[in-house]
Structure formats: structure tokens, C-alpha cells
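The values are calculated or read from the model by the stated rules, or taken from the named source; none is laboratory data. All of these numbers come straight from a predicted model, not from anything done at the bench. Neighbour counts run over all protein chains shown; Cβ positions are idealised from the backbone, glycine included. To get the accessible areas, we keep the full protein, side chains included, count just its heavy atoms, and leave off ligands, DNA and RNA. Shrake-Rupley method; radii C 1.70, N 1.55, O 1.52, S 1.80 Å.
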Amino acid sequence: MEHILNELNPSQREAVEHIDGSMLILAGAGSGKTKTLTTRLAYLVGEIGIDPANTLTLTFTNKAASEMRIRATKLISSRSSYPPLLCTFHKFGLLFLKFHIEKLGRKNTFVIIDSDDKKRLLRSITKELSIDLNIAFIASEISKYKNSLLTPEVVIEKAELSDYKKIAKIYTRYQSNIEENNLVDFDDLLMLTYKILDDDKALRKEVSNKYQYIMVDEYQDTNELQFRLLEHLCSEHGNLCVVGDDDQSIYGWRGANIRNILEFSTYFKDTKTVKLETNYRSTEPILKAANTLIEHNSTRLGKKLTSHKGTGEDVKLLHSLDESMEARAIASKIQKLLQQGTDPDEIAVLYRINALSRSLEEGFIKEGLNFKLIGGMRFYERAEIKDIISYFRVLSNPHDDFSLLRIINKPKRGIGKASLEKLQKAAFDAKLSLYSYIEQSLKGSQPMVMSKKIATSLTTFVESIQLLQDAAKNALGNFITLFEEQIKLKDHYVGMVDGMDRILNIDEFYGYFRDAVKKNPDLSLDEFLNDISLQSDQDQIEENAITIMSVHASKGLEFEHLFIIGLEEEFFPLLGEGCNMEEERRLGYVAITRAKSDLTLCYVDSRFYKGRRKMIDKSRFLGESGLIQDTSLKITKSSAFKKGDLVKHKIFGIGRVQAANKSGHEYKLLINFGGNKKEILSSFVQSI
């Protein structure tokens, strides 16, 4: 084991050789956290002599678990007859429930339902209850309830708004249904495991004594339920080692609680903290930009990455007039890299907002560059964009049944599956296209096979189509404005979990259409559709291709040559209601630290925003990272709290933040506690 330990730096070795008690390994980007974690596991088993069965290592993805299992197994002495348990949180929950779900009066022959099964079940329940709410939104809310340990009874009691009262009813019916059929959803794997351990003190003691040494990877991504589960698992010994980076906590929007890592030493007494600050991935100029940027966050444990590689090229800035010029400039630079023999897999372009991928895709296609889009669909393959294109195809050719069927109930017009099947059969029997049959039956020249309500709805639909067809015959300058006024497609997506992203994509498409008309005032709808077809029918090439991806999707990856686009206010950082500037800054930190030696940050003077071209300011992050000295840039030290946040005080209870101002090393908050306004220091309240 000694030669393995000698390969570690002093901080890594300190973490590996610490045995008992709680430990926080604060591991910066590229600092060898996986190596440290797997070596510590090997040290416990192969050097100290801990039985592998008494260890438990938890991760967030099967891929990470598999990689760590392979690396740990290579390090562990061949004397170990079986491997330690190294799996995801949810896999652990599954294994636990197979042994103990009977304590809840359930059989261990339960079946796990996936997200599609869950949505199908929710769809049938909403139909039974005659509730018209977005299924993805309902599924997301139920998931939040379970991860907050809220039973249907509690949710019903607490629901105030109409839609949430409806979701509470659906949740009650949904939970009864899956229990009656002995089903378990993804969230149940942890919720039921926690419930069993919480209710059964003897079992909790037994399980905690079984897993004497617990390690958790990516601890900054844990939520409330995972934290409470870990509390039970280590209740008898306190031997909990967590590895994470508060500066890379970027999943607050899906329930991750950054306070789990920030306050780890408060929750678990006598915690040893080891900081891994030597970065093996990036050169010094790249790390300097990342360090300088993240120091503007006020809520962090604090560390500073230093480069093992040493000096390198300065971070480059690419300034373009608009997104088309930006795409061409990046494509040109990539072409030069490829001509110099650079592996395409070592080149990537990152963005904060998915809608920004369109201009890149088009620019790369024109330049003949092979690329792969990771963590999402290509722009023209996204459902909301296909919907608009289908509408345009129906306007161009109303007898295109395939396109008509896609959009006839988007936004919803009350046309159910059974009604649509009746219409299709009647049209088939009459040897007419679906649109012709609808049009003629509304005029009385074909039998009416639909209800009066549906007929009224379809009359409005046909009138809109005819109005838009007439408009499309003329100049298309104001066509998109009329299209959105008539169809209101955004209304279909506004209530969805990812509704804002989808609406931004729609606005990007609208803006692109307006720009195409501006460049060619004689453009027809048919010509536009033909251009779209040529761009969207490109083959997806996965091998030896440049990577285009979102910053969220890039976490854990690294590239020799990296471009980050959209460094403008409102795009990166994202601004507006619900925006958390500290999390935006952490996203910036994650993006920058993906680069090994060559980093280019890109910004433009104008970009399409919400369907129209708009002059925009360059991102405050360029100034905060020390790359631009410009007094006009907004450079801000952030508060963890912002106006509108709900907070809890131990005496005054729950209140809403009305203002946050810097006060020494923390923030002074003006909080409204049900009409009683108080100025309280931020360290005395907790975010809800």
C-alpha cells in the first residue's frame, strides 16, 4: 500500500489516512477527488483490515459508481473475497427495501416504475378526476413532496392555491394506487428506506453497526432526504466521510441543498476538514480566472486552487457583433485547431441556455464541422420547435395529416384521443384529408361526428389557419407576431417544469425567422421550410466530433480547448425572478474549470432575446473574473439571500426577505414576519 500512498499529495494522503469520525474532504475541481476516495476505501480494507461488508460508498450516478468500483477493486488486496458495497443512493434504497419493506406491510416482490410509467399512471388519474394540469409538472411536484418527506395527508392540509389542492388530490390517489399494486417509484426507494429506519430504532442501530465506514461522493448535490438518511446510517459511530465542492453546487433547482456541505461540521461534531486545492487539470491563468470569479460568492467554505501544470496561455476573449458572427469565428478557430492535428474530442463549446445552441449548430454545419450535442436534442428536434414547424407545414399544405395530427391539440382544444380517432375514420371513409373533412363538416357538406364544444373549438382553429395562410401570401415581416397572437403556442408550455427553457427556444426560433425575413424580404414560407429541412436533416455523428453542451451537462468533464459562449447579462448570468446569483457564479466556475490549457470566453453586442434582436451588455462575470477592467460592468458580492426569499428565524418564525445589504462579513436582511418587519443578520436565519 505504501507505494500507492506515495503517489498522493500531502492533503490527499491526510484524507486517506484519517480513519474514525466525520470528515469533510473539500475537493476543488480537478483535484483528484475520485482517486482520494477510492484510495481511502482501499486503505480501510487492504491496510487497516476493515471487512468490506462494513463499508458503504454512495454516489449519484451508476457511471460514477462503476468507475469507482473498478478503481477501488484494483487497489484492494486480493485477500478480499468480495467487493465492498459501492452504489448510488437509490440502488442502496432498493437493496434495503428488498430485505425490509415487509415492515411497512408491503411484499418484497414490489416492482419499480420508471418516469414514463409514473406519467402514464398520473395521466389516467387526472382523467378520472377531470383535472387539466401538465403531467410533467404534477410528477415534479410529487417528487418534491416525497423528497421533503411530505405525506399526501400533510400536502392536502397545507395546500392553499387551487392548482396545488388539485395536485394534493392526485398525489393521494397516486400513492394509494401504487401501494395497492405493490409498486415503488424512484423517490420511494429513499423515502421508504428512511421511514423504516426512522420508525424502527433497533433496525436503525443494526444497519448503522453493519456499515461502520460510510463515504459519500458529490456531497454538495445531496438533498434534505439524503442528508437525513445519512444521519440514520451513521448514528451509531459517526464515521461519515463526504467528498464535495461547495463551489460546484449547481443543482439547487432540482432540490440539492448547499447547506448540507456548508454546515457539515455543525451537523456532525468534531469534523476533520481536508482541503484538496492542487488542481491537476488546468493551467494557472485558467485557475486564476475561476478563483477570482468564485471569491465574489459570500456563502462558501473558502479554498483557492493552484495549478500543478503551472503557467500557460492567457484566457482569451472573443467579441462578436452577433451570434452568427460568433459561430463563424468559433468555427474558424476550430478549423485551424483541426488542421494542426487536434483531436476533435478535445474541443468543446459550452452555453448556459439551451436556445443558444441553434446558431452554433448552423454555423458548424455550414463549415462542415462534425459535432455532437450532449445532454439535449438538436435545436430543430426539440418538441416545441417541431410544433412550430408542423404549424408552418399545415399552413403551406393543409392536407399534411401527419403535421396536422401533431398540432391539432397544441395548445389544448379539448379534442381527446377518441374524438380524434372518429375524425380520422370519417375522413378516411370520405376519402378526404383530415383538414378537408373538418373544414367541410363545419360547413355542413360532410356529416358532423364531433360534439358541439369540439366543433366550436375547431371552427376557431380553422379560422386561425385561414387567416395565417392569407398573411403568409404577403410579405412575412409581421407574420410571426400574428402567428403567436392567433396560436398562443407558448401557453401550451408555460406550466411545464422546463417551460421557461422551451419558451426561450420558441423565442429563439421566432427571432431566427424574423432575421431570415429581414435578410430576404421576398422569402416565402415554403422556402423557409426547405432551408429548415436541410439544416435539421443532418446526420448526428458521435465519433471524433466537437462537443456542444450546456454547462450543467459538462460537470465532471474536461477539454483541452474550450469555448464558452453567451457571456452577456441575462444569458450568463441568467437574470430575473427565481435567479440565484451565487448559483449562477458557481456555474461560471464549473464552466471555466472544464478547460485544461486553452480557454476562450465569448460575448456579443446583440442577440435574439424573447424573439427579438436586442443590444446586450457583456457579463459581469468577465469583470468579476478579472479578465476585463471596465467600470461599466456590474461587479457584485452576492448575498445568499435575495428579495422575495422565504426564511425561518428561531423566535420570529417564517418571514419574507424584503431587502439584503452588506454588513461586515455578512448581510443585514429586512424581513417581513407576517407584518412585523425586522432587520436581522443573515447568520441568524435559515433559508426555506
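Brief remarks follow.
- Extension gain (nm, one decimal) between Q466 and E527, 0.36 nm per residue minus Cα-Cα: 20.0 nm
- Size of charge dipole - segment 378-508 - debye, nearest 20, with Cβ of Lys, Arg +1 and Asp, Glu -1, no other charges: 520
- Per residue, in Å², the accessible surface of the chain once ligands and nucleic acids are set aside, probe 1.4 Å: 46
- Checking every one of the GluC sites (Glu not before Pro) in segment 99-172 against DSSP loop status and a limit of 11 other Cβ atoms within 10 Å picks out E160.
- With the simple spin-label model, which puts each label point 7 Å out from Cα in the Cβ direction, the R106 to R120 separation comes to 1.9 nm.
- Placing dummy labels 7 Å off each Cα toward the beta-carbon, the span from C579 to N474 is 3.8 nm.
- Signed unit charges on C-beta, dipole axis of the chain, positive-most listed residue N108, S403, Y174: Y174
- Each of Q12, I365, Y267 was scored by the projection of its Cα onto the charge dipole of the chain, and the greatest displacement toward the positive side belongs to Y267; charges sit on the C-beta of Lys, Arg, Asp and Glu.
- Heavy atoms of Y164 accessible to a 1.4 Å probe, total area in Å² rounded to 10: 80
- Rounded if a/c under 1.5, otherwise prolate or oblate - segment 31-184, Cα gyration tensor axes: prolate
- For segment 479-494, 3J(HN,Hα) computed residue by residue from phi via the Karplus equation (6.51, -1.76, 1.60; θ = phi - 60°) reads 4, 5, 4, 5, 4, 5, 4, 7, 8, 6, 5, 4, 4, 5, 9, 4 Hz, glycine and proline entered as x.
- If both residues of a DSSP beta bridge must be in the chain, then about 35% of such bridges are antiparallel.
- Share of carbon and sulfur in the accessible heavy-atom surface of the chain [1.4 Å probe, %]: 50
- Placing +1 on the Cβ of every Lys and Arg and -1 on the Cβ of every Asp and Glu, with nothing else charged, gives the chain a dipole about its Cα centre of roughly 1520 debye.
- Where trypsin sites (Lys or Arg not before Pro) fall in DSSP loop in segment 467-511, at most 13 other Cβ within 10 Å: K488
- When the Cα gyration tensor is reduced to axis lengths a ≥ b ≥ c, the ratio a/c is 1.5 or higher for segment 564-611, and with a/b not above b/c it is classed as oblate.
- C-alpha long axis of helix 135-147 to longest principal axis of the chain, angle in °: 20
- When both segment 190-240 and segment 1-77 are represented by their alpha-carbon centers, they are found 20 Å apart.
- Inter-part distance where segment 297-334 and segment 435-462 are each reduced to a Cα centre, Å: 57
- Under the Karplus curve 6.51 cos²θ - 1.76 cosθ + 1.60, θ = phi - 60°, whole-Hz ³J(HN,Hα) for segment 97-107, x wherever Gly or Pro sits: 5, 4, 8, 10, 5, 4, 5, 9, x, 10, 8
- Per DSSP, loop GluC sites (Glu not before Pro) in segment 564-597 with at most 10 further Cβ within 10 Å: E577
- Segment L262..T342, full-extension length gain: 24.8 nm, with 0.36 nm per residue of separation and the alpha-carbon distance subtracted.
- Close amide H pairs (under 5 Å, H built 1.01 Å from N) link Y667 with S682, S683, residues at least 5 positions away or on another chain.
- Relative to the longest principal axis of the Cα atoms of the chain, helix 581-592 runs at roughly 80 degrees.
- Contact order, relative form, for segment 304-444: 15 percent (alpha carbon pairs under 8 Å, 6 or more residues apart, mean separation divided by residue count).
- Pairwise centroid distance, computed over Cα atoms, of segment 601-626 with segment 87-139, Å: 43
- Computed from label points 7 Å out along Cα-Cβ, the spacing between D199 and K677 is 4.8 nm.
- Between helix 284-294 and the chain: long-axis angle, C-alpha atoms, 0 to 90°, nearest 10: 80
- Two-site FRET efficiency, A430 against I19, from Cβ-Cβ distance with R₀ of 56 Å, rounded to 0.05: 0.10
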